[in-house]
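Visitor: Before anything else, here's the structure in question.
Just so it is clear, none of the values below were taken in a lab; they were calculated from the coordinates. Quick caveat, the model's predicted, so the values are computed rather than measured. Using ideal geometry, Cβ is built from the backbone for each residue, glycine included, and neighbour counts are taken over all protein chains shown.
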Amino acid sequence: MNLNKEDYYKIELDNLLSTNNLSCIYLLYQPIIGYQACAVYTTIAQEARHLKSEVKHDRLLSILGMDLYTFEKSRQLCEEMNLIITYYNPDNKTYIYHVNSPLTTEEFFAHDIFSRELTNKIGVSNFEQTLVKLKKNYFEKANYSNISKEYHTDIFNTWDNSKEEEFNLLQQRSNAIEKINKPAFDFDEFYAHASTNFFPTECRTRDNLEKIADIATLFGINACDMAKLVISSVNISTNSLNLDTLKYKASKIKPKQTNHDNPYHDSPIQFLQKLQGFERVNPSDLNLIKNLMDAYKLNTVVINVLIEYSFNKNNGSLSSAYVEKIASNWAYEGIDTFEKAKEKVTFTKRKYKNGKNKTKLPAYKNGSEVEYDKDAILKRIQASKNY
C-alpha cells in the first residue's frame, strides 16, 4: 500500500525509553538499520508520550525532515528488527504504530542473527569494544556470602481477622475513590469535525480531552456540536483552549431531546430539567452536579438515580450537603452501575420505613436499650381506653 502524508497515525507505547534503551538503539541497532531508521524509531516513541489523538503523517515527516519514501523504508527497517509493529485500517486510512522496547544488551548479544549482523557491520574489533562498553560490571563472589537482611514478616504474628477485614475495606474505599467512571464520549466523531487546523495538536492534551468529555456529558452535547464549541473556544494565535469559555458556551446550549429507552441515560442536566420541569438548571444545582462528577467520580446513571432519590426525599429540592453525604458513601461503597444505585436506594427506603416506626426505650434492669414497636404500643393503649 502507498503511504500518503494525509493518512492519519496513532501510537501505542508500552514503556518509555530509558537511558539504557537509547544506548542499545544507538550502539547496537544503529549500525544495522542506519541513523535514519533510528531517528524514525526514537521520534515515534517520543511522539507517543504527548500524542493523545490521531494526526496526519505530514506532521511526522516535517519533524523528521524526510520524504515519504525515506520514512517508509526507515520504518520498515524498524519493523524487521521488531522495534515497531505497524497496523493499517484501509477504511479510514489510519495507521497504528506499536512501539516495542529494544532488546537488552544481554539479549542482543545472545541473539543468533542480530549479534552476527552487528559483527558483520562493524567488524570484530569494534564489536568487542562495544561489548566491553555495554557489559555490566559483575564481581567474582566465590569467597563471599550473601549477608543481606531479609524483610521481616512479623506483621502476620499480630494480624487477625478483624484487621484483615479493615484492610480489605480500606482497599475497597481506595479503589472506589480512585476509580473513574467516565461515560463514553465519541471521540472518533469529535475528531471528524475538529481537524488540527482548527483544534491544534497542542490543545489535545489529556487534561483538555478529559474536560471536553466531562463538559459534553454534563450538558448532554453530542460530539459534533461539541467540536463546534471547542473550535470556537480555541485561540489559534496561541494554540490554546480556553476551558472557561467552553464551559460558558456549553451551559448556553439547549440540549437536544433524547429518546433513550432508559431515561437515566440522559445527561444529569437533562435529567434534572425533566424532573424539575424547567428549561434551565439553577447555578447551585449545576455546581452540585459538576462536583458529583469531579470530586466523587460518579458516572451519569448513578448521578441521575441519586438526584431522583434526593429530589423526591426533600420535596422537590436538592440539598448539597445531603446529596454530597450520600455521594461520599456511594463512592466509598463502589456504587458504579444503575443496578447497584437502584438497589441501594431500595435498601435505604426499606431501612428508613422499618426504622421510623420504632423507638428505643431504656431497659432499667440491665442498662441496655430494647427496641419497642411504637405502633403496637399505641394500639394496646387505645384498646385499654376503649375497654
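Visitor: Starting at the first residue of region 292-308, write each ³J(HN,Hα) from the Karplus equation 6.51 cos²θ - 1.76 cosθ + 1.60 with θ = phi - 60°, in whole Hz, x for Gly and Pro.
Guide: 4, 7, 7, 7, 9, 6, 7, 8, 4, 5, 5, 4, 5, 5, 5, 4, 4
Visitor: Where a ≥ b ≥ c are the square roots of the eigenvalues of the C-alpha gyration tensor, would you call region 39-175 rounded, which needs a/c under 1.5, or, failing that, prolate if a/b is larger than b/c, or oblate?
Guide: Since a/c reaches 1.5 but b/c is at least a/b, the shape of region 39-175 is classed as oblate.
Visitor: May I ask for the Rg/Rh ratio of region 187-251, computed from Cα atoms with Rh as the Kirkwood radius, given to two decimals?
Guide: 0.91
Visitor: Quantify how much of the Cα-Cα distance distribution of region 290-331 extends past 15 Å, in percent.
Guide: In whole percent, the long-distance tail amounts to 31.
Visitor: Taking a ≥ b ≥ c as the square roots of the eigenvalues of the Cα gyration tensor of region 263-355, is the shape rounded (a/c under 1.5), prolate (a/b larger than b/c) or oblate?
Guide: Prolate shape, in that a/c is at least 1.5 and a/b is the bigger ratio.
Visitor: Can you put ASP186, ASP225 in order of Cβ neighbours within 10 angstrom, beginning with the fewest?
Guide: ASP186, ASP225
Visitor: A further question on this structure: Is region 1-81 rounded, prolate or oblate when judged by the Cα gyration tensor, a ≥ b ≥ c being the square roots of its eigenvalues, rounded requiring a/c under 1.5 and prolate requiring a/b larger than b/c?
Guide: oblate
Visitor: Continuing with the same structure: Only counting other Cβ atoms within 10 Å, I'd like GLU117, GLU333, GLU150 sorted with the fewest neighbours first.
Guide: If I rank by nearby Cβ atoms, fewest first, I get GLU150, GLU333, GLU117.
Visitor: Show me, for region 313-319, the HN-Hα J-couplings you get by feeding each phi into the Karplus relation (A = 6.51, B = -1.76, C = 1.60, θ = phi - 60°), rounded to Hz, glycine and proline as x.
Guide: Ordered by residue, 3J(HN,Hα) equals 5, 10, 6, x, 10, 10, 8 Hz.
Visitor: Still on this model: Residue by residue through region 69-86, what is 3J(HN,Hα) from phi via Karplus (6.51 cos²θ - 1.76 cosθ + 1.60, θ = phi - 60°)? Round to whole Hz and write x for glycine and proline.
Guide: Result, rounded to whole Hz: 4, 5, 4, 5, 5, 5, 5, 5, 5, 5, 5, 5, 8, 6, 8, 9, 10, 10.
Visitor: List every residue whose amide H lies under 5 Å from the amide H of SER240, counting only residues 5 or more places away in sequence or on a different chain, with H placed 1.01 Å from N in the peptide plane.
Guide: When sequence neighbours closer than 5 places are left aside, the close amide H contacts are ASN235.
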